[in-house]
Amino acid sequence: MLCAALLALSPVAQASTPQPITLKLLREGVLLSGTLKLSRSDELLGVWSSAGRARLMRCEPRCKVVSSLPVPGTLTVGPDARARVVLGGTFKVGQRVGLVFRLKNSQILSVQAVVTR
């Protein structure tokens, strides 16, 4: 419901995903893994799915939850990246999950991701 409301209120962001974004299964949630390319620098303010809001984390050298992540044109997230996005909840391998990325310039990016091991 929240995702639909956000999409209705804002224009869709001009972005591309050169490799698919996947969700790596954790004990109590999933970790986003992939690369997001924007046409200009921006700031990621949040990520949502039907399971709720994801936690944005900056890992330099230890991980800590932050309110936003800078996107200097390209943002790589994943287990070995400096930026991580973790979504809590119960997921199954092979499940498709709709994700909504909220950017500072009032744009929204909608992506489908698949849960993997």
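The values are calculated or read from the model by the stated rules, or taken from the named source; none is laboratory data. No experiment lies behind these values; they were computed from the predicted model shown. In this analysis, Cβ positions are derived from the backbone assuming ideal geometry, glycine residues included, and neighbour counts consider all displayed protein chains. Heads up: the accessible areas ignore ligands, DNA and RNA and are worked out on the full protein's heavy atoms, side chains in. Shrake-Rupley method; radii C 1.70, N 1.55, O 1.52, S 1.80 Å.
In a simple Cβ point-charge model (Lys, Arg +1; Asp, Glu -1; nothing else charged), region 56-117 has a dipole of about 120 debye relative to its Cα centre. Normalised per residue, the accessible area of region 21-115 is 53 Å², obtained with a 1.4 Å probe and no contribution from ligands, DNA or RNA.
Given Phe91, Pro70, Ser110, which one lies farthest toward the positive end of the charge dipole of region 21-115, if we put +1 on the Cβ of every Lys and Arg and -1 on the Cβ of every Asp and Glu? The listed residue farthest towards the positive side: Phe91.
Remark: the Ser39-Leu25 segment gains 2.1 nm on full extension, using 0.36 nm per residue and subtracting the alpha carbon distance. The share of accessible area on region 21-115 that comes from carbon and sulfur is 46 percent, using a 1.4 angstrom probe. Gain on full extension, evaluated as 0.36 nm per residue between Asp80 and Arg53 minus their Cα-Cα distance, stands at 7.5 nm. For region 21-115, the spherically averaged projection of the C-alpha convex hull amounts to 5.6 nm².
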